[in-house]
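Data first, discussion second: the structure below is written as structure tokens.
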Amino acid sequence: MLYRKPVTAALLSCLMPGLGQVYNGEVPKALFLWVIGGTLWFFLPWYMPTPRWIVFGVLWALALWDSVRAVTRINQDIEHYIKTLSDSSSGAKQKAPIPTIRSKESSRERL
């Protein structure tokens, strides 16, 4: 398990939509983006009055956003996994202190 850098995923997605997904290990998602992009490239001028660059700009932005979001999620999952391993290897589980919602004045009054 390797940490991935959001900047690298973003730069790869800027080069070509789907490369950031390949960097994240999400190859099926990248293939889907490439199939959708290729299909739109060939059929968009014939069936839609919208210019190609608007549709591809939206596709590019979504691929960029998704690659950075996925890297963040993957890194959080790795950190959680490492924390779980370190907690389980310490033997006895430590209980977390229960937070109290008392103000300082109320605790002084009880004394």
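The values are calculated or read from the model by the stated rules, or taken from the named source; none is laboratory data. As the structure is a prediction and not an experimental result, all values here were calculated from the model. Because the Cβ atoms are built from the backbone with ideal geometry, glycine has one as well, and the counts that use them run over all protein chains shown.
When region 9-31 is limited to residues that are within 14 Å of the chain's Cα centre (by Cα) and among the hydrophobic types (A, V, I, L, M, F, W, C), the one that is surrounded by the fewest Cβ atoms within 10 Å (Cβ to Cβ) turns out to be A10. Within region 19-30, identify whether any single residue is modelled with pLDDT of 90 or more, touching a helix residue (DSSP H, G or I) at 6+ places or on another chain (Cβ under 8 Å), among the basic types (K, R) and not in a loop (DSSP other than H, G, I, E, B), and answer yes or no. Yes, because at least one residue in region 19-30 is modelled with pLDDT of 90 or more, touching a helix residue (DSSP H, G or I) at 6+ places or on another chain (Cβ under 8 Å), among the basic types (K, R) and not in a loop (DSSP other than H, G, I, E, B). Taken together, the criteria place R73 among residues that are at pLDDT 85 or above, on the phi < 0 side of the Ramachandran plot and loosely packed, with under 13 Cβ neighbours inside 10 Å. For region 1-18, a residue qualifies if it is of a type in the set (G, A, S) and in a helix (DSSP H, G or I), and the qualifying residues are A9, A10, S13. Answer yes or no: is there a residue in region 42-56 that is charged (D, E, K, R) and modelled with pLDDT of 90 or more. Among the residues of region 42-56, not one is charged (D, E, K, R) and modelled with pLDDT of 90 or more, which makes the answer no.
P6: within 13 Å of L59 (Cα to Cα) and either modelled with pLDDT of 90 or more or within 20 Å of the chain's Cα centre (by Cα) (or both), yes or no? In short, no.
When you check V68 against the structure, is it over 21 Å from the mean Cα position of the chain (by Cα), modelled with pLDDT of 85 or more and in a helix (DSSP H, G or I), yes or no?
Judged against the criteria, V68 is not a match.
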